[in-house]
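The values are calculated or read from the model by the stated rules, or taken from the named source; none is laboratory data. In this text, all values refer to a predicted model and were calculated from it rather than measured experimentally. Because the Cβ atoms are built from the backbone with ideal geometry, glycine has one as well, and the counts that use them run over all protein chains shown. The accessibility values were calculated without ligands, DNA or RNA, using every heavy atom of the protein model including side chains. Shrake-Rupley method; radii C 1.70, N 1.55, O 1.52, S 1.80 Å.
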Amino acid sequence: MQRTYAGIGAVVMLLAVALGAFGAHMLKAKIGETAIGTYETGVHYQMIHGIAILLTAFFAGQWGESGRLRWAGRLFLLGVILFSGSLYGLAALHWTWLGPVTPLGGVSFIAGWLLLALEAWSKKA
C-alpha cells in the first residue's frame, strides 16, 4: 500500500505541475481571467491532495496499513478526479454540465481527511 500510494501521489503532483504550467502558458490568454481562476483552483486543490496521498503513504509506513488509510487515499484521488477534473472541464472546455460534479469531489476530500483523522486518533499501538 505504501509504495502504491506514494507512486499515485507522485503522479498526481506531476500532473498538477504540468497542468499548472499549461494553464499559465497556454490557456490564460485563451480562456480569460475568470476561467483561469477556476482552472487555477483545480490545480491548487490537486496539489494539496497529491500531498495528502503522499501523506497517506507515509502514515501507512509509520502506523501500518489499514482500511481507513486505504480509503482515505482512494477518496483523495477520487476528489482530485471529480473536483479538479470538473473545474478543468468547466474552465477550459466550457462543459457546464460538470458543475454538479464539483461538490462531489469536495465531499470526497472531506471524507478522506476525516478517515485520516480517525486513523490518527485510533487506539492502535
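Per-residue extension of 0.36 nm, minus the Cα-Cα distance of MET1 and HIS25, leaves a gain of 5.0 nm for this segment.
Under 25 °C and 0.890 mPa s, how fast does the range 1-121 diffuse according to Stokes-Einstein, given a Kirkwood radius computed over C-alpha pairs? Answer in µm²/s, whole number. Rounded, D is 169 µm²/s.
Compared with the dominant principal axis of the Cα atoms in the chain, helix 102-120 is inclined by about 20°.
Heavy atoms only, probe 1.4 Å: what % of the accessible area of the chain goes to carbon and sulfur, would you let me know? Can you show the working numbers first?
Working: 4950 of 7010 Å².
Whole-percent figure for carbon plus sulfur exposure: 71.
Just to confirm, what accessible area per residue do you get for the range 1-121 at 1.4 Å probe, in whole Å²?
I get 54 Å² per residue for the range 1-121.
Report the gain in length on full extension from GLU33 to GLN62: 0.36 nm times residue separation, minus Cα-Cα distance, nm rounded to one decimal.
Working: separation 29, 0.36 × 29 = 10.44 nm, distance 4.31 nm.
Here the segment from GLU33 to GLN62 would lengthen by 6.1 nm.
How do LYS123, LYS28 rank by accessible surface area computed with a 1.4 Å probe, from largest to smallest? Walk me through the numbers before you get to the answer.
Numbers: LYS123 200, LYS28 90 Å².
Largest accessible area first, the list is LYS123, LYS28.
The peptide list 108-116, 72-80, 14-22, put in order of mean Cβ contacts within 10 Å with the highest first, becomes 72-80, 108-116, 14-22. Among the protein heavy atoms, those of HIS94 account for about 120 Å² of accessible surface (1.4 Å probe, every chain in place). What is the helix-to-structure angle for 67-79, meaning the angle in degrees between its Cα long axis and the longest Cα principal axis of the chain, kept from 0 to 90 and rounded to the nearest 10? Tilt relative to the chain: about 0 degrees. For HIS44 and LEU104, a Förster radius of 22 Å and the Cβ-Cβ distance give a FRET efficiency of 0.75, rounded to the nearest 0.05.
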